[in-house]
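What follows is a single structure, written as C-alpha cells, with notes after it.
The values are calculated or read from the model by the stated rules, or taken from the named source; none is laboratory data. Remember, predicted model here, so these are calculated numbers, not experimental data. Backbone-built Cβ (ideal geometry, glycine too); neighbour counts: all protein chains shown. For accessibility, only protein heavy atoms count, side chains too; no ligands or nucleic acids. Shrake-Rupley method; radii C 1.70, N 1.55, O 1.52, S 1.80 Å.
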Amino acid sequence: MKLPPLSYQRPTDLREASRMLGSESMPAVLAGGQSIIPALRFGERSESSLVDISRLAELQGITQADGFLRIGAGVPMWEVCDSPEVATSAPLLIRVLGSVGAVGIRSRATLGGSLAWADSTSQLPSTLIVLNAQVETTERILDAADLQIGQHQTVLRRGELIVSIRIPEVELTGSGFHLIRKTHITWPVVGAVAVREPSGQLRLVVFGAAPTPILLVGADRAKLLSQLSSRMLPFDDERARAGYRGQVAPILAGRALDEAIGSNT
C-alpha cells in the first residue's frame, strides 16, 4: 500500500525539530522509519505530517563519560552492535539487538525510535530498563522505566524528543534473555530479560505480558516470580492470545533469571 498524503519537513537542529513538532497538528517523528512508515502505510496511524530527524548531529555518537555509556538516540542499531564501547559496558544490549528483526531493519532502526514507539512486546525498551538506563530528552532526564505508560504511549510532551540513552557503567555478574516469536525476524510475542548485580540483587523485566514492561527487583528468585504473577495483565493481539501470554511469561522469566544467576557475563 502507498503512504497517504503527508507534509514533510527536515529540521537542521534539535531546536528547529521541536518547533516543527509543536507547530504541526498531527506530526510524526521519522528517525529510522522502521515502525512509523509501515503503520502509516497500512492505516494503523493517522498522522498528517513527518518531521525527519534522521540526520541531526545532536542525536549521533557513542561516548563514555562520568560513569555512563551515552548512545545518541539516532544512532542506527548496527552501529551500536559494532561499538567497542558498548561491547565493554553493555554486552547484554548487543546480544538483545542481535534478536531485532533482520539486518536491513537494524541498519536503520534506532534505540531512540524503539523507546518512543513504546511497543509493550519489544525487547529493547525492556533491556534498557533492566540495565537501569536513563533517557535524556530535549527537556529532562527520565529513568527508562518511567517513559512508557501504555501501548504506544509515553510521558513525552508535545515537541519533546529523545536525545540520548545513558547506561550506567556497572559491571554486572550475570544476565539472561529469552523470548518467543513466530519467526526469527518478527516482533516478539512475550519475553524476559534479567541481570544480576554484584550485590546479588536481581533485576527482571518481562515484556509482552502487560501494556507496559514489568520491572521487578529483589534477591529472591521465587519471590520475583510470585510478584510477576500479580503484575501481569496479558492481552490479545494478532500475534497471540492473552491466555498463551499468561502461561509462557513466567516460564521465560524463570529461564532468564536462572541464566542470570548461573552466568558470569
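Can we say F235 is open to solvent by less than 50 Å² (accessible area, probe 1.4 Å), within 16 Å of H178 (Cα to Cα), touching a helix residue (DSSP H, G or I) at 6+ places or on another chain (Cβ under 9 Å) and aromatic (F, W, Y)? It is false that F235 is open to solvent by less than 50 Å² (accessible area, probe 1.4 Å), within 16 Å of H178 (Cα to Cα), touching a helix residue (DSSP H, G or I) at 6+ places or on another chain (Cβ under 9 Å) and aromatic (F, W, Y). With respect to the stated conditions, A210 fails to be farther than 21 Å from G150 by Cα and either surrounded by 17 or more Cβ atoms within 10 Å (Cβ to Cβ) or at pLDDT 95 or above (or both). Within the stretch 238-265, the residues that satisfy the criterion of being in a helix (DSSP H, G or I), closer than 18 Å to L179 by Cβ and either modelled with pLDDT under 95 or of a type in the set (D, E) (or both) are D258, E259. Apart from one condition, A219 fits all of (1) modelled with pLDDT under 95; (2) among the small types (G, A, S); (3) open to solvent by 70 Å² or more (accessible area, probe 1.4 Å); the exception is (1). For the stretch 195-217, the tally of residues that are of a type outside the set (S, T, Y) and farther than 19 Å from F177 by Cβ stands at 3. Here I71 clears all of (1) open to solvent by less than 10 Å² (accessible area, probe 1.4 Å); (2) part of a strand (DSSP E or B); (3) under 24 Å from A249 (Cα atoms) except the condition numbered (3). Suppose the filter is touching a Gly at 6+ places or on another chain (Cβ under 9 Å), part of a loop (DSSP other than H, G, I, E, B) and crowded, with 16+ Cβ neighbours inside 10 Å; does G112 pass it? Taking the combined requirement at face value, the residue does not satisfy it. Of all the residues in the stretch 121-168, those that are touching a Gly at 6+ places or on another chain (Cβ under 6 Å), over 21 Å from L92 (Cα atoms) and at pLDDT 95 or above number 1. Restricting the stretch 1-22 to residues that are assigned to a helix (DSSP H, G or I) and open to solvent by 80 Å² or more (accessible area, probe 1.4 Å) leaves a set whose member that is farthest from L111 (Cα to Cα) is R19.
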